[in-house]
1. Place a label point 7 angstrom from the Cα of HIS134 along the Cα-to-Cβ direction, then list the residues of the stretch 5-25 whose backbone nitrogen is under 19 Å away.
2. Between helix 30-45 and the chain, what is the angle of the helix's C-alpha long axis to the longest principal axis, kept within 0 to 90° and rounded to the nearest 10?
3. Can you tell me the convex hull volume per residue for the chain, based on C-alpha atoms, in Å³ to the nearest whole number?
4. List the aspartates and glutamates whose Cα lies under 15 Å from the Cα of LYS231, skipping any in the same chain that are fewer than 8 positions away.
5. Sort HIS182, HIS195, HIS9 so that the residue with the fewest other Cβ atoms within 10 Å of its own Cβ comes first and the one with the most comes last.
6. Which order results if GLU30, GLU71, GLU11, GLU215 are arranged by neighbouring Cβ count within 10 Å, fewest first?
7. How high is the relative contact order of the chain? Use alpha-carbon pairs under 8 Å, at least six apart in sequence, and give a whole percent.
8. Between helix 183-194 and the chain, what is the angle of the helix's C-alpha long axis to the longest principal axis, kept within 0 to 90° and rounded to the nearest 10?
Amino acid sequence: MKEIIIIRHGESEWNKENRFTGWEDVELSEKGIEEAINAGKLLLKTGYHFTLAYSSVLRRANETLRYVLKEIGQVDLETIYSWKLNERHYGALQGLNKDETRQRFGDAQVQKWRRDMYEKPPLLLKSDQRFPGHDEKYKDLTEAELPLGENLFDTMQRVNAFYEESIEPSLRTGAKILIVAHGNSLRALVAYLEHLDDAAVMKLEIPTGRPIVLEMDDDLKLTKRYFLDEKGE
């Protein structure tokens, strides 16, 4: 049996403020720090030891990973950072309060932007300061790779490609893998491994700060998914 542990970053400051975050690089809230520390304590208690970690390039995921690794005594763990594990890019919605956006556009439209597989948010202009082409972290990305806004399908495409090119080969060599990323990028990974249909993907919830175990057979077919704090229940 092979396993991957996935963790959505702890609550961020913009999660707390109920704002669309996407690729905006915000810090963890105090609650988010506590969630990250508790995730690390749970991993330590249940005896997990990793040989490789993956994270997005966004601060809230990086901070969560750092707190987790400190708790389990693996602060020097080899880590691969990739923009392909970033949260879905919410385009011109980034920074907006979700409740205010619902009041302006209606519940149905906002729900489509958040959960529909193919509904894109209002797109950014390249002149907008929120366009990732202005961020040094993304200087090596091609024009085609720099999003103006993404739907969930777009996010799944890049996450799935990264799984196939990096994570899967590491699993086949026997790596014990921890992934710290985001609600939508982890939703995309689970959907890929479980072959979920669109309706199931829309209903899938990945809460902040709770380690999830993905158990696989030797052919890397997902056999079981569960929250680590519910193991054995």
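Read-outs: derived from the displayed coordinates by stated rules, not from any lab. Please read all numbers here as calculations on a predicted model, not as lab measurements. We place every Cβ from the backbone using ideal geometry, glycine too, and count neighbours over all the protein chains shown.
1. Backbone N within reach: 20-25.
2. Relative to the chain, helix 30-45 is tipped by roughly 20 degrees.
3. So the per-residue Cα hull volume is 127 Å³.
4. Correct list for LYS231: GLU3, GLU215.
5. So the residues, fewest neighbours to most, are HIS195, HIS182, HIS9.
6. The most exposed by this proxy come first: GLU30, GLU215, GLU71, GLU11.
7. 31
8. Once rounded, one gets 60 degrees.
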